[in-house]
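The values are calculated or read from the model by the stated rules, or taken from the named source; none is laboratory data. Quantities reported herein were computed from a predicted structural model and do not represent experimental measurements. We place every Cβ from the backbone using ideal geometry, glycine too, and count neighbours over all the protein chains shown. The area values use the complete protein model at the heavy-atom level, side chains included, leaving out ligands, DNA and RNA. Shrake-Rupley method; radii C 1.70, N 1.55, O 1.52, S 1.80 Å.
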Amino acid sequence: MSTTIQPDRILRELSELWVTFGKQDGDQSTGVLRACAMTLVVVADAKENAAEVGETLASLMRDHPSRAIVVRVLDDAKPELEARVFAQCWMPLGQRRQICCEQIEISSSNISLADVPAVVLPLIVADLPVIVWSKIPRLFATPALEALSRLATKTIIDSAAFPDAGSALRRLSQVASSGLVLGDLAWTRLTRWRELIAQIFENPDYSSHLPAITSVTICHPGENAPATVRYIAAWLVLCLERAGSRPAVRWKPEDCAGLGRIEFTTADPSLLNASVRKLEGSIAEVRVNSLISRTVFPEASDYDLLREELSISGRDAVFEAALARAAESVEER
Amino acid sequence: MPVENPFQDPLRFERRTPECTVVIFGANGDLTKRKLLPALYRLMYERRLAPGFAVVGVSRTPMSDDQFREKMRESVVKFLEDSPFDEGVWEGFSQGLFYVSGDVQDPELYKRLAARLEEIEKSRHTGGNVLFYLSTQPSQYGAAAKGIGAAGLARGKGWRRLVVEKPFGHDLESARALSRELQEVFPESEVYRIDHYLGKETVQNILAFRWGNGIFEPLWNRRYVNHVQITAAESIGVEGRGAYYQEAGALRDMIQNHLLQVMATIAMEPSGVFEPTAVRDERAKLLRSIRVMKHEEVHTNAVAGQYGPARIGGVDVPGFRQEPGVDPNSQTETYAAITFFVDNWRWAKVPFYIRTGKRLPKRVSEIAIHFNPAPHSVFGNHNGEMQPNLLILRIQPEEGISLKFVSKQPGAGMKLRPVSMDFNYGASFGERSPSAYETLLLDAIQGDATLYSRQDMVEASWGAVTPILEVWKATKFDFPNYPAGTWGPKEADEMLRRRGHEWRKI
């Protein structure tokens, strides 16, 4: 295996790729459309199923066409570094033209990881956002990932994959306060929950009772509260504080998958009793007093979560406030 | 004072909608089944509607709530586009569907409706917000509005709005009369005249393209633009709507409303803010600036056509006069091509060519901005390859934007050829675009009238087409004058040729 990569050669291969597409196209078809809205750097463990990562990226390209740079980290003590270039193409339904995005795959051993940022730098597409998605929890806050993050507009991690949710949130909060823009898929998983809660309180009849809410209960599986539970608790506290309410926000283990139920109660139950509950299958039930409505609530895949995160390349003030509050509450406990 | 919702997060999720009841008059009609209910169901599926959202269907056919729900379920399953039908979501959604039967002329209907709305307000906490949607025959609009007003339903605890489907009258006078009838009950600010063309994502994208980029607006005027072509072609015929279409014709059906709105979107001045009144003021101003033709100018600036029978792809296609419900001597135009001018400083003397028709070779809607050629030909003529720049805004299908410019061919010598730089809406944003009705219904529920027509806009566009309607009414056309499957009558080509232009070959 090689131990060096020449970015110039990669760039040359990329441009040759497009020339080849142009020639294949001939006179008959309507051509290949090159699409690029960002550089997406994915850092993944080489042991991880390459096909799964590839599939997520292929789906993402339709929503966020990008130059994807996949860094596959080999669990190897020897210095190893090599790269290959290819294209992800698809034919949109009912259209005559193929759309293609570039993909560069860099394989690096652990020990060579420090050399990767210098390789990535010249491969970044000019003037467009650079997003780093690190799928390896152990790399978080290491010099190699930090160097990559410094090149990026935003770094995305998934704190749900960290062994201890509390310490993960503390470390994330420290990194965020150093100025890096972060995204956390554990937070992204909460969007649909938050959306349903926001919808309930769009009704003035219900939002007028916000100051009267005395308790919020969040039910979750397992003994220890995962990052999503800590995030939603922190967010609810912040939102309710803005509405002039300081209820007891509690989380408790329950027999359910993922986040199970969020319930708002007031001292006088006739005023307001609202809950959002995940049901079997892909359905959520929203209950406000005696009114029940149901909505589709599928389990979010990596693709769904990434699609949402990639559409926000700047700072997300709501997330940052919830992260800071969640980290604070870890300290308090 | 309204309590602000502290849970909103506009960066992550769409605008939340208030609880409300949508009352659909004409609930047994085609539009309700094909467009309105599928759009509302889809909005619920996308979590855009509030938990207490309700629909009350109104029509003459006696039906129970459950029968109405079953009927709507069948329609949603059949006509839902680009999304799956989910039993769980439907179950919740259908609990909010109710039905009231009766004749729009009968005051008793509105008493029953009032009682139903009161029940719903209590049980579903809709806050008294009601959106009335008139999807009936246009001749019943006045009666429905009057009935709503007489029963006191136009006022209530929450907001009350009225959505009206086109046509807004069949000429300027009838449009004014309709407005008067509606405004006796609802203030103009609460009347939403729906033009589904404006709800199309790509039409809205024209505004984003023009006003969100700094480089195009300086070119967007008579100094650089040579002419504009707006095409809305349909490959199908009248598809069972012969009787209606015979009364309307292409000019009333497409140009007076949809295409003049598209032209206004292209040509209007940027508004100071993206707010309903500001945007609609600019749109209205542009429509009022369209030069109204003198009768003697109509023959040179407007071409009417009607398709005749033809054989397309091995299939015999009937002419318009052979379609069911159509008079065999019909003088109705199925094709119209008009040259409009805008009398303002930005667009003085720039022709806006608009064409639309049934049974044209393909279904396509687009706007082509033809720029002036380079002022001096440095490279010679190059066998006609020195074409002027062209900016194409495609509305359907393959929504997107293309810029055509000239480039050097690789190799020795200075050979030039036109190339196209394409932005494909679907390729750059893989997300499903909401249908025009989803967008417009949500806007009406939110009280955002930006994409709706206003009385002055409707009157201005009727004013622009009135002389053409009058002259065409008095003309005995030698129809049919184009075979089905072709690009319309040759007079339409001549109309452009007189100014040194030709229709784009799409």
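A few notes on this one:
- Check on A:ASP268, at pLDDT 85 or above, among the acidic types (Asp, Glu) and surrounded by 14 or more Cβ atoms within 10 Å (Cβ to Cβ): no
Condition check ((1) β-branched (Val, Ile, Thr); (2) closer than 19 Å to A:ARG315 by Cα; (3) without any contact (Cβ under 8 Å) to a residue 24 or more places away in the chain; (4) in contact with a strand residue (DSSP E or B) (Cβ under 7 Å, 6 or more places away or on another chain)) across all residues:
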| position | (1), (2), (3), (4) |
| --- | --- |
| A:LEU180 | no, yes, no, yes |
| A:TRP193 | no, no, no, yes |
| A:LEU196 | no, no, no, yes |
| A:GLU202 | no, no, yes, no |
| A:LEU210 | no, no, no, no |
| A:GLU223 | no, no, no, yes |
| A:VAL237 | yes, no, no, yes |
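- Enumeration of residues in the stretch B:399-435 that are facing chain A (nearest Cβ under 10 Å), at pLDDT 75 or above and in contact with a helix residue (DSSP H, G or I) (Cβ under 6 Å, 6 or more places away or on another chain): B:GLY400
- Here B:LEU360 fulfils each of the conditions (1) open to solvent by less than 10 Å² (accessible area, probe 1.4 Å); (2) at pLDDT below 95; (3) part of a strand (DSSP E or B) apart from (3).
- For the stretch B:282-308, taking the residues that are part of a loop (DSSP other than H, G, I, E, B) and among the aliphatic types (A, V, I, L, M), the one that is most open to solvent (accessible area, probe 1.4 Å) is identified as B:VAL292.
- Hey, A:SER311 of a type in the set (S, T, N, Q) and either open to solvent by less than 40 Å² (accessible area, probe 1.4 Å) or under 28 Å from A:GLY183 (Cβ atoms) (or both) or not: yes
- A:PRO163 fulfils the conditions (1) surrounded by fewer than 22 Cβ atoms within 10 Å (Cβ to Cβ); (2) in a helix (DSSP H, G or I) except for a single criterion, (2).
- Residue in the stretch B:59-67 that is in a loop (DSSP other than H, G, I, E, B) and either within 24 Å of the chain's Cα centre (by Cα) or closer than 22 Å to B:ASP86 by Cα (or both) present: no
- Meets criteria (part of a helix (DSSP H, G or I) and either modelled with pLDDT of 90 or more or farther than 25 Å from B:GLU188 by Cβ (or both)) for B:TRP503: no
- Taking the conditions (1) modelled with pLDDT of 75 or more; (2) surrounded by fewer than 20 Cβ atoms within 10 Å (Cβ to Cβ); (3) over 29 Å from A:ALA58 (Cβ atoms) in turn, B:GLN396 satisfies each one other than (3).
- In the stretch A:241-263, the condition of being buried (at least 18 other Cβ atoms within 10 Å of the Cβ) and either within 8 Å of chain B (Cβ to nearest Cβ) or in a helix (DSSP H, G or I) (or both) is met by at least one residue.
- Residues of the stretch A:210-240 that turn out to be of a type in the set (Phe, Trp, Tyr) and either more than 12 Å from chain B (Cβ to nearest Cβ) or in a loop (DSSP other than H, G, I, E, B) (or both), as a count: 1
- Of all the residues in the stretch B:15-46, those that are over 20 Å from the mean Cα position of the chain (by Cα), crowded, with 23+ Cβ neighbours inside 10 Å, of a type outside the set (S, T, N, Q) and outside any helix (DSSP H, G or I) number 6.
- When the residues of the stretch B:1-14 are filtered to those that are of a type outside the set (A, V, I, L, M, F, W, C) and within 7 Å of chain A (Cβ to nearest Cβ), the one that is most open to solvent (accessible area, probe 1.4 Å) is B:PRO2.
- Only one of the listed residues (B:ALA464, B:ALA449, B:ALA444, B:ALA460) is under 30 Å from B:VAL164 (Cα atoms) and assigned to a loop (DSSP other than H, G, I, E, B). That residue is B:ALA449.
- For the stretch A:191-209, the candidate set comprises residues that are more than 7 Å from chain B (Cβ to nearest Cβ) and over 26 Å from the mean Cα position of the chain (by Cα); within that set, the residue that is most open to solvent (accessible area, probe 1.4 Å) is A:HIS209.
- Test: residue in the stretch A:81-98 that is more than 20 Å from A:SER313 (Cα to Cα), touching a Pro at 6+ places or on another chain (Cβ under 9 Å) and either buried (at least 22 other Cβ atoms within 10 Å of the Cβ) or more than 14 Å from chain B (Cβ to nearest Cβ) (or both): yes
- Boolean, A:ARG138 is at pLDDT 85 or above and surrounded by fewer than 16 Cβ atoms within 10 Å (Cβ to Cβ): yes
- The residues of the stretch B:66-122 that are touching a helix residue (DSSP H, G or I) at 6+ places or on another chain (Cβ under 6 Å), more than 14 Å from chain A (Cβ to nearest Cβ), open to solvent by less than 40 Å² (accessible area, probe 1.4 Å) and closer than 29 Å to B:ARG155 by Cβ, listed by number, are B:MET72, B:PHE98, B:TYR99, B:VAL100, B:GLY102, B:VAL104, B:TYR110.
- Selected residue [modelled with pLDDT of 90 or more, closer than 23 Å to B:GLU46 by Cβ and out of contact with any Lys or Arg (no Cβ under 8 Å at 6 or more places or on another chain)] from A:LEU148, A:LEU172, A:LEU185: A:LEU185
- Exactly one residue among A:VAL286, A:VAL318, A:VAL276, A:VAL296 is under 26 Å from the mean Cα position of the chain (by Cα), under 17 Å from A:LEU182 (Cα atoms) and within 14 Å of chain B (Cβ to nearest Cβ), and that residue is A:VAL318.
- One residue stands out among those in the stretch A:47-89 that are outside any strand (DSSP E or B) and of a type in the set (Val, Ile, Thr): the one that is nearest to A:ASN110 (Cα to Cα), which is A:VAL53.
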